[in-house]
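Asks: Right, I'll just put the structure down here and ask away after.
The values are calculated or read from the model by the stated rules, or taken from the named source; none is laboratory data. Just so we're clear, the structure is a prediction, and the values are computed from it rather than from any experiment. Virtual Cβ from ideal backbone geometry, glycine too; neighbours counted across all protein chains shown.
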Amino acid sequence: MKDFKGRVAVITGAANGIGRALAEQLAAEGARLALMDIEADTLETLRAELSGRGADVFARAFDIGDFEASEAFARDVLSHFGTVNLVIANAGVTTVGRPAVTLSINDWRWVLGTNLFGVIHAIQPFLPTLMGQEGSHIAITASGVCSFTGVALNGPYCASKAAAISYAETLYRELAAANPPVGVTAICPGTTLATFQRSEERRPAHLPDLAETDPIPPVFREMLAKIRADGLTSDEVARQSIEAIRENRFYVITHPENGHIAAARGNDAAAARNPSIGLPGS
Ligand SMILES: NC(=O)c1ccc[n+]([C@@H]2O[C@H](COP(=O)([O-])OP(=O)(O)OC[C@H]3O[C@@H](n4cnc5c(N)ncnc54)[C@H](O)[C@@H]3O)[C@@H](O)[C@H]2O)c1
């Protein structure tokens, strides 16, 4: 997709962080936007800001874990704009810090419902339209670390992001061979300055936190705050992502210094060695 002017771009998790930066930059390129997020107020503020700058924006607040709502959104986006050219499945949440033994079924349903089923719900209803025209593109926000290794204290997130990159690879292979082809990009950010630490505020009401005491070790919270303070800006991640979509590249690797993680998993598996990284402190 060389030119975004007039193209219709769907972005999930658009109200904050990387999604918001993607919306702002694509609006500046002249794209028409279909935005969704679970946070109604921040989404409405963004819609008003972008519309004020002259962008054509359709926005709706709902939970991307809800397939019926996702289908209704897709129907309404297609009837509003007439088509869709780019879908960016970006919404994500985490229970980072919670040891596996403390996780409830609601934690698993929430994180996989948002990060895995949310990706499927974002893409599936638009696939026939995307595949029925020239120049369509799909992007999935995976993770530069957790798509390539399971780290301690982040079980549901790592499971969801491994699944997300796997689905992106499948789509890449299938849709490169389709006629006409559809481009696929996997956005794999390292630590990024966003509002990710507020994930818990985005739990849908039907999947409440069942923990009776704080399951996150305080030392882990301190460590995470330090790591997060060092993150790349969401603007920079969005800039690199839009370049990759423009150039039809699969990988967006914002922190190439993390490359040894994917390499280690591949090498360990090929040699049938125990996992060499992903342990606390490694
Ligand atoms: N921030 C990082 O360090 C980092 C690193 C790697 C990958 N990522 C991934 O980047 C993507 C964007 O996250 P971010 O870093 O911009 O964080 P963010 O929390 O600022 O943005 C995520 C957005 O998703 C929305 N959201 C959450 N649950 C939702 C739901 N059920 N339905 C609809 N919207 C929902 C949130 O309200 C928020 O606006 C996520 O998939 C995340 O996993 C982030």
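Asks: Under 9 Å between Cβ atoms, which residue pairs at least 6 apart in sequence (or on different chains) link something in the range 19-37 that is touching a residue at least 12 places away in the same chain (Cβ under 8 Å) and among the acidic types (Asp, Glu) with a partner that is part of a strand (DSSP E or B) and within 13 Å of the ligand (Cβ to nearest atom)?
Replies: Sorted first by the residue in the range 19-37, then by its partner, the pairs are Asp37/Ile11; Asp37/Thr12; Asp37/Ala59; Asp37/Arg60; Asp37/Ala61.
Asks: Which residue out of Pro189, Pro181 is within 7 Å of the ligand (Cβ to nearest atom) and at pLDDT 95 or above?
Replies: Among Pro189, Pro181, only Pro189 is within 7 Å of the ligand (Cβ to nearest atom) and at pLDDT 95 or above.
Asks: With the condition being more than 9 Å from the ligand (Cβ to nearest atom) and under 16 Å from the mean Cα position of the chain (by Cα), I'd like the strands (runs of 3 or more DSSP E) fully within the range 1-67 carrying at least 2 qualifying residues.
Replies: Here the list reads 8-12, 32-37.
Asks: Show the residue pairs that are 6+ apart or on different chains and have beta-carbon atoms under 6 Å apart, the first residue being within the range 257-282 and farther than 22 Å from Val96 by Cβ, the second being at pLDDT below 90.
Replies: Sorted first by the residue in the range 257-282, then by its partner, the pairs are Asp268/Ser276.
Yes or no, residue by residue, for (1) in contact (Cβ under 8 Å) with a residue 12 or more places away in the chain; (2) under 26 Å from Asp37 (Cβ atoms):
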site: Glu169; (1), (2): yes, no
site: Ala205; (1), (2): no, yes
site: Pro208; (1), (2): yes, yes
site: Pro217; (1), (2): yes, no
site: Ala229; (1), (2): no, yes
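Asks: Mind counting the residues in the range 51-77 that are within 11 Å of Ala122 (Cα to Cα) and hydroxyl-bearing (Ser, Thr, Tyr)?
Replies: Residues in the range 51-77 being within 11 Å of Ala122 (Cα to Cα) and hydroxyl-bearing (Ser, Thr, Tyr): 1 in total.
Asks: Further question on the same structure: Could you tell me how many of the residues in the range 161-185 are out of contact with any strand residue (DSSP E or B) (no Cβ under 7 Å at 6 or more places or on another chain) and part of a loop (DSSP other than H, G, I, E, B)?
Replies: Result for the range 161-185: 5.
Asks: Right, something else. Do any helices (runs of 4 or more DSSP H) entirely within the range 76-146 hold 2 or more residues that are farther than 19 Å from Asp37 by Cβ and within 15 Å of the ligand (Cβ to nearest atom), and if so, which?
Replies: The helices (runs of 4 or more DSSP H) meeting that bar are 105-115.
Asks: Restricting to the range 208-223, what's the tally of residues that are β-branched (Val, Ile, Thr) and touching a helix residue (DSSP H, G or I) at 6+ places or on another chain (Cβ under 8 Å)?
Replies: Counting residues in the range 208-223 that are β-branched (Val, Ile, Thr) and touching a helix residue (DSSP H, G or I) at 6+ places or on another chain (Cβ under 8 Å) gives 0.
Asks: Okay, next question. Got a sec? Which of Ala194, Ala178, Ala205, Ala186 is hydrophobic (A, V, I, L, M, F, W, C), in contact with a helix residue (DSSP H, G or I) (Cβ under 7 Å, 6 or more places away or on another chain) and surrounded by fewer than 17 Cβ atoms within 10 Å (Cβ to Cβ)?
Replies: Residue meeting the stated conditions: Ala178.
Asks: Checking Arg60 against (1) farther than 24 Å from Val184 by Cα; (2) surrounded by fewer than 16 Cβ atoms within 10 Å (Cβ to Cβ), which test does it fail?
Replies: Exception for Arg60: condition (2).
Asks: Which of the residues that make up the range 174-200 are closer than 22 Å to Val145 by Cα and not β-branched (Val, Ile, Thr)?
Replies: Scanning the range 174-200 gives Ala186, Cys188, Pro189, Gly190, Leu193, Ala194, Phe196, Gln197, Arg198, Ser199, Glu200.
Asks: Checking the structure you have, find out if any residue of the range 202-222 is closer than 26 Å to Ala168 by Cβ and acidic (Asp, Glu).
Replies: Among the residues of the range 202-222, not one is closer than 26 Å to Ala168 by Cβ and acidic (Asp, Glu), which makes the answer no.
Asks: Also, I was wondering about something else. Go through (1) over 22 Å from the mean Cα position of the chain (by Cα); (2) within 14 Å of the ligand (Cβ to nearest atom) for Gly231 and report which single condition fails.
Replies: Going through (1) over 22 Å from the mean Cα position of the chain (by Cα); (2) within 14 Å of the ligand (Cβ to nearest atom) one by one, Gly231 breaks only (1).
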